[in-house]
1. As a footprinting exposure proxy, order 375, 94, 328 by other Cβ within 10 Å, with the fewest listed first.
2. Using only Cα atoms, find the angle between the long axis of helix 315-333 and the longest principal axis of the chain, and express it within 0 to 90 degrees, rounded to the nearest 10.
3. Using the beta-carbon distance between residue 159 and residue 252 and R0 = 56 Å, what value does 1/(1 + (r/R0)^6) give for FRET efficiency, to the nearest 0.05?
4. Pull up the cross-link candidates among the aspartates and glutamates for residue 49, meaning alpha carbon to alpha carbon under 14 Å and not fewer than 8 places away within one chain.
5. With label points built 7 Å along Cα→Cβ from the Cα atoms of residue 182 and residue 30, find their separation and express it in nm.
6. Quick one: which residues, 5+ away or cross-chain, put their amide H under 5 Å from the amide H of residue 342? H built at 1.01 Å from N.
7. With 13 Å as the cut-off, how large is the P(r) tail for segment 1-57, expressed as percent of Cα-Cα pairs?
8. Label 7 Å along Cα→Cβ of residue 99; segment 16-45 residues with amide nitrogen under 18 Å?
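Throughout, read-outs are computed from the coordinates displayed, never taken from laboratory work. This structure is a prediction, so every number in the text was calculated from the model and none was measured. Cβ placement follows ideal geometry from the backbone for every residue including glycine, while neighbour counts extend to all protein chains displayed.
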Amino acid sequence: MTFNSLKSVKSKIFITYGVLLIITVLFSNAVFYYFAKEYIYKNTVNALKSISRDVIWDDIKGKNLKDNFSFSIHKYEFSIRNVFIQAQYNGKIVLKSKNLIGLELPIQKLSKKNSISHLKIHKISKYNIIMYSTKIPWDENYTVQIATTTKTENYHLGKIINMFLFGDPIFILFVLLIIYKMLQDVLRPMNIMVKTAKEITITDLNKRIPYYDNGDEFAELAKTLNNMFSKLQSSYKQIKQFSQDASHQLKTPLTSIRLQAGVTLKKDRDINEYKNVLKSIKNEITYLQNMINDLFLLAQMDNDTIKDNFENIRLDIVLMNVIGEFIVIANKKGVTLDIKDIDNTVILGDSTQISVLCSNLIDNAIKYTEKGKRVSIELKNYMMTIEDEGVGIEEKNINAVFDRFFRADSNDSKIVKGYGLGLSMVKIIANIHKADINIQSEIKVGTKITVKFPKPI
Ligand SMILES: Nc1ncnc2c1ncn2[C@@H]1O[C@H](COP(=O)(O)OP(=O)(O)OP(=O)(O)O)[C@@H](O)[C@H]1O
Ligand SMILES: [Mg+2]
């Protein structure tokens, strides 16, 4: 099993930390051991130095070592144990302490100028020794060597190694345990995210990832994912709504087209009959096409994407452009368009959507107003007013007119063509722009619709 094949991030981080920890501990052990050894050996060498200067030199001063002078080591109380003393005269051993019987210290060649050498570890017989050699200042033919076994040093260094052997595993285990606990705490939000994300399906997008908003990466990730789920949910709702609406609304005209074609094809007919049927089918198809376009427009009205295109727009210019498109239609129908005050008005919004809003309101006003009557349009104080002298809306239907596919059947509006989608688009666009819509209407008197836009800050 390789490191990359590990399935859990926790294991990967844990193993990485574990390996780093062990390397750090071993390295610091090695550094500590090196300096401890240096320190211990240096102390021993210093002790040997002071023995040579303060004791041995004083003792042999004035004595002729060549006369086989010997002295018992035991008369000295040294600060360290197992001290071996040896002196040479021009490379020939002339003095040995009694504890060196049968053994001799390795002879060292010392240069004349630099007459000391130390911290050399030699092996004599089965002992490791530390030895300090020095020339006697008053007679450079003599070299005095003081040595001691490394028993005490080894004892201390052994203690340090024991401390490592017992202390390291406990320390490493303890730190690993803390790292494991910390990883568990740190990665808990991720586990919750995975669990929640697994529970979310396209048909059940209601769930959201719970998170504690402390501003860390996990909180950001949870927020981003929740945002994405909300968008998915609203897109899914739109698609569902669209397919429901489309399948419901397309059924009737499609059946009508099929039936017309079927009946016509039953027997041979004259050319005019065919022409009439084709004309009727063409009208149905145009009707279907327009409805599908409107349904698409409705489905695409996603708050967030529209808001991304928000900018300061001249509402009066958008409105005048829309009015321009309706002048011919109104004239043809014999409805007078009365353009009242149109103030220069800047609002924050999407001009395409606003023009859809204006054209649907003006279209309705002209559509549901009889010949010879008037439609007046005004824009004042961020309030757009479209007033007609048309058929009016029954009070019980005032709120329903904003529902999809709602068309009042009690008034003359049924003879006017429409899909019942215009005002639902108007409502959505007004909501996105935070505008308030108000309808006042009286049957056979007329309808007044106002849209109050917020002032841009
Ligand atoms: N100015 C108005 N005067 C009288 N009735 C109206 C007016 N505006 C809307 N209505 C009523 O509200 C209903 C819904 O209007 P809406 O604009 O949503 O659909 P539509 O005009 O029938 O079709 P379309 O989708 O082509 O706009 C209309 O069918 C009509 O009965
Ligand atoms: Mg309409």
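1. 328, 94, 375
2. Taking the Cα atoms of the chain, the angle to 315-333 is about 30 degrees.
3. That pair, residue 159 with residue 252, gives E of 0.05.
4. 58
5. Each label point lies 7 Å from its Cα, and together they span 2.5 nm.
6. For residue 342, whose amide H was placed from the backbone, the distant partners under 5 Å are 379.
7. For segment 1-57, the share of Cα pairs beyond 13 Å comes to 73 percent.
8. Only 41, 43-45 pass the distance filter.
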